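The values are calculated or read from the model by the stated rules, or taken from the named source; none is laboratory data. Just so you know, these numbers come straight off a predicted model, no measurement behind them. Cβ placement follows ideal geometry from the backbone for every residue including glycine, while neighbour counts extend to all protein chains displayed.
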Amino acid sequence: MTVRIAINGYGRIGRCFLRALYESPRRDQWQVVAINEPADLASIEYLTRFDSTHGRFPGVVDVAEGALRIDGEPIVVTHATRPEDVDWAALGIDVLVECSGRYGTREDLTRFIQAGCPRVLLSQPGQSAEAVDATTVFGVNHDDLKGTETIVSNASCTTNAVVPVLGLLDSAFGVDHAMLTTLHSVMNDQPLIDGYHDKDLRRTRSAMQSIIPVATGLARGVERLLPQLTGRVQAKAIRVPTLNVSAIELTLTLHQSVDTQRLNRLMADAAHGRFANLLAYTEQAHASIDFNHDPHSAVIDGGQTLVSGDRLATMLLWFDNEWGFASRMVDVLSHWHPRWQH
């Protein structure tokens, strides 16, 4: 049975999610029937066809009779700014994929349910664990989905990158403490030139001229998925002037003695075994651009693994913060929808 999907918010993640559906080998499972985005239809069509980061869309994109068409299939486009202003029920959707980033509380997300959406897949962690029925990192806890949930979060790109690695390390060696430093590409809440920001003075500065520390909820996200590490994880984030592909420097003290070879062997074995297609492992001399459009949640750079003494270690994880995350949204949807009770 084809799953009927609507997308709310058609920015970077919304467009990557749609494209990931069309590039998926499970393409026949999906039908995107609606997009709600305040921007005009001509801009939506143009930004679907051409993408500065991921290249041209691998299909025919045009507009006909007021609808966006992809490979001849029409997608209804609405321009509402509130969930209540779209007749979601009339669209006959099975799930709404919320990619606007504007809705993170239970109260706000329930507005979509009340407006006719039977289910919501959220492209952010949600403001609290109680805001959603489940927070899912594919490969870690996706089997916990029962199909009875109405609001599921796909966590964050950084959580998807680091949680599988931290879980492996904790199971193998025990994690006493961890410090996570994310080096994240610029995002659309930063100006190209200095401009006002309503929350963070640092984000008033030009995104392309500075390395800019910003706040992050990554530590809370890790603890939500790995509660045994509660109180033992800290995180910070630094925005860097690149368009895409980010990295996490993971520094940790382990309970057992380790060396570089044991750490890298654990990661390489996982990338070829339990986490195949989710994690990758490399020792080649890479730069971030090499991982653009890479679908993995994280790529472990074994050449950057270091151990000081016998329990203090640091590792480097690369990840495409757009494409890897959008690919995990498709994976979660693929796992969730067969369990729905229609």
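Numerical summary
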item	result
Boolean, H184 is under 28 Å from D294 (Cα atoms) and surrounded by 14 or more Cβ atoms within 10 Å (Cβ to Cβ)	yes
Test: A219 is in the same structural domain as Q261 (by TED's automatic domain parsing), within 23 Å of F275 (Cα to Cα) and either at pLDDT below 95 or surrounded by fewer than 21 Cβ atoms within 10 Å (Cβ to Cβ) (or both)	yes
Pick from the stretch 52-75, criterion touching a residue at least 24 places away in the same chain (Cβ under 8 Å) and in contact with a Ser or Thr (Cβ under 8 Å, 6 or more places away or on another chain), ranking: farthest from G11 (Cα to Cα)	I70
Lone qualifier among I7, I13, I93 - being touching a residue at least 60 places away in the same chain (Cβ under 8 Å) and out of contact with any strand residue (DSSP E or B) (no Cβ under 7 Å at 6 or more places or on another chain)	I13
Failed condition for A172, given (1) hydrophobic (A, V, I, L, M, F, W, C); (2) surrounded by 15 or more Cβ atoms within 10 Å (Cβ to Cβ); (3) under 24 Å from E322 (Cβ atoms)	(3)
Residue tally, condition surrounded by 12 or more Cβ atoms within 10 Å (Cβ to Cβ) and in a loop (DSSP other than H, G, I, E, B), over the stretch 268-285	5
In the stretch 281-302, the residues that are under 20 Å from Q261 (Cβ atoms) and either among the aromatic types (F, W, Y) or not assigned by TED's automatic domain parsing to the domain that holds N244 (or both)	Y281
Among (1) in the same structural domain as T182 (by TED's automatic domain parsing); (2) out of contact with any Ser or Thr (no Cβ under 7 Å at 6 or more places or on another chain), the one test that L306 misses	(2)
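Okay, residues lined up against (1) among the aliphatic types (A, V, I, L, M); (2) at pLDDT below 95; (3) crowded, with 19+ Cβ neighbours inside 10 Å; (4) in a helix (DSSP H, G or I):
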{"residue": "V299", "(1), (2), (3), (4)": "yes, no, yes, no"}
{"residue": "V307", "(1), (2), (3), (4)": "yes, no, no, no"}
{"residue": "D310", "(1), (2), (3), (4)": "no, yes, no, no"}
{"residue": "W318", "(1), (2), (3), (4)": "no, no, yes, no"}
{"residue": "N321", "(1), (2), (3), (4)": "no, no, yes, no"}
{"residue": "F325", "(1), (2), (3), (4)": "no, no, yes, yes"}
{"residue": "V330", "(1), (2), (3), (4)": "yes, no, yes, yes"}
{"residue": "W336", "(1), (2), (3), (4)": "no, no, yes, yes"}
